[in-house]
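*Asks:* Dropping the structure in here first, questions after.
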Amino acid sequence: MSIREMKRTRSIEHLLRPNIRELKPYRSARHEFDGEARILLDANENPFDSGFNRYPDPFQMRLKEPLAKYKGVSPENIFLANGSDEAIDLLIRMFCRPGTDHILQLPPTFGMYRVAASLSAVEVREIALDEHFQPRVDAVLAAVDPYSKILFLCSPNNPTGNSLDRDRMRALIEGFPGIVAVDEAYQDFARQESALAWLEEYSNLLVLQTFSKAWGMAAIRLGMAFASKEIVSWLNKVKMPYNVNELTQSAALDALSRPERMEEQVAILLHERQRLERELPTLSLFDELLPSDANFILAKTRHSIALYRFLTERGVVVRDRSGVFPDIGAMRISVGLPEENDELLAGLRAFQAKLNA
Ligand SMILES: *Cc1c(COP(=O)(O)O)cnc(C)c1O
């Protein structure tokens, strides 16, 4: 069967694992009655009001409303999860038959796709990004067979920091006969438009975003998946009934009531990223800085191990990412507060002085 043929004949329902297609989801008390009531005696809850004695809304409708407005989508196109990690895991479990189907990913990229796939005994097919860390469209589509279910595209990509080329992304979404999951964890820092703009155009597109990065709320564990109503309703069927707790929902509602705070912080971080992009090349420690569309910079350096140790002793921790450039070495530096970046730069200068001494 040609890839074009596959694309034509595979509906979302076709792509699902048969056991998921036939799943009768768990129905909680809050599923059966979600109206206003004076007296709730249906869920075996403790009736004494603590602010937390009731189960949370399983579909987080109060939260999805302002979120949908902010993102310019409909609440029915939003699925919320206990971090994007949960959405990644659910997607794999929903579409991929263990030992039979596979996901595709384009390394170097985020490690969680492989972990989630491995947990489900699902094979990972890898098609390396090109020398500019862009997808090789023909090579990806050539790797497709009837067992290809999900293609993960990470843009901006972790750990390289670059956005993926929009034309190539579109070509992949159009050509891939399965679900294309675009992971936009760092999209708030990017110059390119979000793939959210294409949601109505492609029924096989799913966009992942998170409250963990630009929103500054990694601790509340809230991930977002944006997709067609159909995909969202399947995700709602397979998730745990109360996967997003009440504390998380109320903290996110509060953040969404004043998005300016996030936007101001992003502006400061982008300014700081530019400062690091200016300052780091003035040191002789780095062979190359990769252009970043995120809140971190990947720097090619032959000193990664010694530099990591030196900085750590001064209380500054960066991430060794030498795997990306195995012949030389690399480190990934998150953009911090202005004074933290001052300390980073001071540490780097001290290391350089020691090298030259
Ligand atoms: C940080 C990050 C996430 C966020 O995961 P959460 O579970 O939402 O905290 C997702 N994808 C990538 C590529 C990331 O770097």
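None of the figures in this text is laboratory data; all of them are computed from the coordinates on show. Bear in mind the structure is a predicted one, so any value in this text is a computation, not a measurement. Here the Cβ is made from the backbone with ideal geometry for all residues, glycine too, and neighbour counts use every protein chain on show.
*Asks:* Provide, for the chain, the number of lysine pairs with alpha carbons under 18 Å apart, each pair being eight or more places apart or on different chains.
*Replies:* Qualifying lysine pairs in the chain: 11.
*Asks:* Something else: Can you pull the three principal axis extents for the Cα set of region 121-214, in Å, largest first?
*Replies:* Here the Cα extents, ordered largest to smallest, are 37, 32, 30 Å.
*Asks:* Obtain the radius of gyration and the Kirkwood radius of the chain from its C-alpha atoms and give Rg over Rh. Don't skip to the end; give the middle numbers.
*Replies:* Numbers: Rg = 22.3 Å, Rh = 22.1 Å.
Ratio of gyration radius to Kirkwood radius for the chain: 1.01.
*Asks:* Quote the relative contact order of region 80-140 in percent (integer), defining contacts as alpha-carbon pairs under 8 Å separated by 6+ residues.
*Replies:* Details: 69 pairs, mean separation 19.1, N = 61.
Contact order relative to length: 31 percent.
*Asks:* Would you be so kind as to identify which of Val124, Pro159, Asn356 lies farthest towards the positive end of the dipole of the chain, taking Lys and Arg as +1 and Asp and Glu as -1 on Cβ and the Cα centre as origin?
*Replies:* Of the listed residues, the answer is Val124.
*Asks:* More than 23 angstrom separation, counting every C-alpha pair in region 67-147; what % is that? Walk me through the numbers before you get to the answer.
*Replies:* Details: 1162 of 3240 pairs.
The proportion of pairs with Cα distances above 23 Å equals 36 percent.
*Asks:* When Lys and Arg each count +1 and Asp and Glu each count -1, what net charge do the other residues less than 15 Å away from Gly72, Cβ to Cβ, add up to?
*Replies:* Details: positive: Lys64, Lys69, Lys71; negative: Glu65, Glu76, Glu184, Asp188, Glu193, Glu200, Glu201.
My count for the surroundings of Gly72 gives -4.
*Asks:* Report the Cα-based extents of region 29-94 along its three principal axes, largest first, to the nearest Å.
*Replies:* Projected onto its principal axes, the Cα set of region 29-94 covers 36, 29, 22 Å.
*Asks:* From the mean inverse distance of alpha carbon pairs (Kirkwood) and the Cα radius of gyration, derive Rg over Rh for region 267-357. Numbers along the way, then the final one.
*Replies:* Values: Rg = 12.1 Å, Rh = 13.1 Å.
My calculation of the ratio gives 0.93.
*Asks:* When the Cα atoms of region 1-159 are enclosed in a convex hull and the volume is divided per residue, what value in Å³ results? Intermediate values should be presented prior to the final figure.
*Replies:* Details: hull volume 28.5 nm³, N = 159.
So the per-residue Cα hull volume is 179 Å³.
*Asks:* Another one. Using +1 at the Cβ of each Lys and Arg and -1 at the Cβ of each Asp and Glu in region 185-296, identify which of Phe226, Gln249, Val207 lies farthest towards the dipole's positive end.
*Replies:* My answer, from the dipole projection, is Gln249.
*Asks:* So how much slack lies between Glu277 and Glu260, counting 0.36 nm per residue of separation and subtracting their Cα-Cα distance, in nm? Walk me through the numbers before you get to the answer.
*Replies:* Details: separation 17, 0.36 × 17 = 6.12 nm, distance 2.53 nm.
So the chain would gain 3.6 nm between Glu277 and Glu260.
*Asks:* Just need log10 I(q)/I(0) for region 288-327 at q = 0.24, 0.27, 0.28, 0.34 Å⁻¹, Debye formula, equal scatterers on the alpha-carbon atoms, no solvent, rounded to two decimals.
*Replies:* -0.88, -1.01, -1.05, -1.18
*Asks:* Work out how far the C-alpha atoms of region 181-223 reach from end to end along every principal axis, then list the three figures in whole Å, largest first.
*Replies:* Principal extents (largest minus smallest coordinate, Cα): 33, 22, 12 Å.
*Asks:* Suppose a student asked you for the relative contact order of the chain, using Cα pairs under 8 Å spaced at least 6 residues apart; what percent would you report? Intermediate results must be reported in sequence, preceding the final value.
*Replies:* Values: 592 pairs, mean separation 59.3, N = 357.
17 percent.
*Asks:* Would you calculate the separation in nanometres between label points at Ala29 and Val317, each defined as 7 Å from the Cα along the Cα-to-beta-carbon direction?
*Replies:* Spacing of the two 7 Å Cα→Cβ label points: 4.2 nm.
*Asks:* Just how large is the dipole of region 113-239 about the Cα centre, in debye to the nearest 20, putting +1 at every Lys and Arg Cβ and -1 at every Asp and Glu Cβ?
*Replies:* Details: 13 positive and 16 negative charges, 110 e Å.
I would put it at about 520 debye.
*Asks:* For region 10-67, go through all pairs of different Cα atoms, get the mean of 1/r, take its inverse, and jot down that Kirkwood value in Å. Numbers along the way, then the final one.
*Replies:* Details: mean 1/r = 0.0687 Å⁻¹.
This gives a value of 14.6 Å.
*Asks:* Indicate the gyration tensor shape class of region 202-270 (rounded, prolate or oblate), computed on the Cα atoms with a ≥ b ≥ c the square roots of the eigenvalues: a/c under 1.5 is rounded; otherwise a/b larger than b/c is prolate and the rest oblate.
*Replies:* Working: a/c = 2.69, a/b = 1.51, b/c = 1.78.
Oblate shape, in that a/c is at least 1.5 and b/c is the bigger or equal ratio.
*Asks:* Based on the alpha-carbon gyration tensor of region 209-349 and its eigenvalue square roots a ≥ b ≥ c, which shape applies: rounded if a/c is under 1.5, prolate if not and a/b is larger than b/c, or oblate? Don't jump to the answer; show the numbers that get you there.
*Replies:* Working: a/c = 2.52, a/b = 1.91, b/c = 1.32.
Cα axes put region 209-349 in the prolate bin.
*Asks:* Moving on. Over every pair of different alpha-carbon atoms in region 90-248, take the mean of 1/r and invert it; report that Kirkwood radius in Å.
*Replies:* Numbers: mean 1/r = 0.0620 Å⁻¹.
Computed over Cα pairs of region 90-248, the Kirkwood hydrodynamic radius comes out at 16.1 Å.
*Asks:* What residues of region 209-233 lie in the reach of a label at Met240, counting those whose backbone N is under 17 Å from a point 7 Å from the Cα along Cα→Cβ?
*Replies:* 219-224
*Asks:* If the convex hull of the alpha-carbon atoms of region 116-161 is projected onto planes in all directions, what is the mean projected area in square nanometres?
*Replies:* On the way: hull surface 15.2 nm².
Mean shadow area of the hull around the Cα atoms is 3.8 nm².
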